[in-house]
Amino acid sequence: MAELRPLADDLNSDARALARMLRELFDGLDVSVRRYAARRHRDAGTFSRYLSGTRVPPWEVIMDLFTDLAEHRGTAATPAAIELVRGLHQTAV
C-alpha cells in the first residue's frame, strides 16, 4: 500500500482540516486508494483528490468511509465523531 503524499502548502485551513480527518479515517481501512476506489466503484484519481484536500467530497463519500471503517473495525463511529466530521465538511464546502 502506497503512502499518501503530503498535503500541499497552499491548502486553505478548512480544506486542510477536512483532508486530515479523511486521511485519518482512510488510514484505518488498511487498503490502497486504488483498491478502495474500485471497491466503491469510484474513480481513484477523484478519491485521491478528496484525500489531498484539493476537492471536497460529497457527504455520501464520507459516510461510505464511516460505514466501511465500522465494518473493518467491528464498531460504529460515535455520533460525536460523525458530527465533528460533518462540521469540517460543511466549513470546507
Cβ-placed point charges (K, R +1; D, E -1), dipole of the stretch 30-76 about Cα centre in debye, nearest 20 = 200
The chain accessible area per residue, 1.4 Å probe, protein heavy atoms, integer Å², reads 63
Given the options 73, 49, 20, which has the most mean-square fluctuation in a GNM of the chain, springs set between C-alpha atoms less than 10 angstrom apart?
-> 73
Please report, as a whole percent, how much of the solvent-accessible surface of the stretch 16-66 comes from carbon and sulfur atoms (probe radius 1.4 Å).
-> 46
Subtracting the Cα-Cα distance from 0.36 nm times the residue separation, let me have the gained length for residue 43 to residue 91 in nm, one decimal.
-> 14.8 nm
If you take the beta carbon distance between residue 76 and residue 9 as r and set R0 to 30 Å, what does 1/(1 + (r/R0)^6) give as a FRET efficiency, to the nearest 0.05?
-> 0.25
Determine Rg/Rh for the chain; Rg is computed over alpha-carbon atoms and Rh is the Kirkwood hydrodynamic estimate from the same atoms.
-> 0.93
Net length gained if the chain between residue 34 and residue 66 were fully extended (0.36 nm per residue, minus Cα distance) | 9.7 nm
From DSSP H assignment alone, runs of 4+ in the chain each adding -39500 (n - 2.57), the sum over residues rounded to the nearest 500 puts [θ] at 222 nm at -20000 deg cm²/dmol
Sort 39, 23 by accessible area with a 1.4 Å probe, largest first.
-> 39, 23
By accessible area of protein heavy atoms, probe 1.4 Å, what ranking do 48, 13 get, highest first?
-> 13, 48
Normalised contact order of the chain, rounded percent, pairs of Cα under 8 Å and 6 or more residues apart = 36
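The values are calculated or read from the model by the stated rules, or taken from the named source; none is laboratory data. All values reported here derive from a predicted model rather than from experimental measurement. A quick note on method: Cβ atoms are made from the backbone with ideal geometry, for glycine too, and the neighbour counts reach across all protein chains shown. The accessibility values were calculated without ligands, DNA or RNA, using every heavy atom of the protein model including side chains. Shrake-Rupley method; radii C 1.70, N 1.55, O 1.52, S 1.80 Å.
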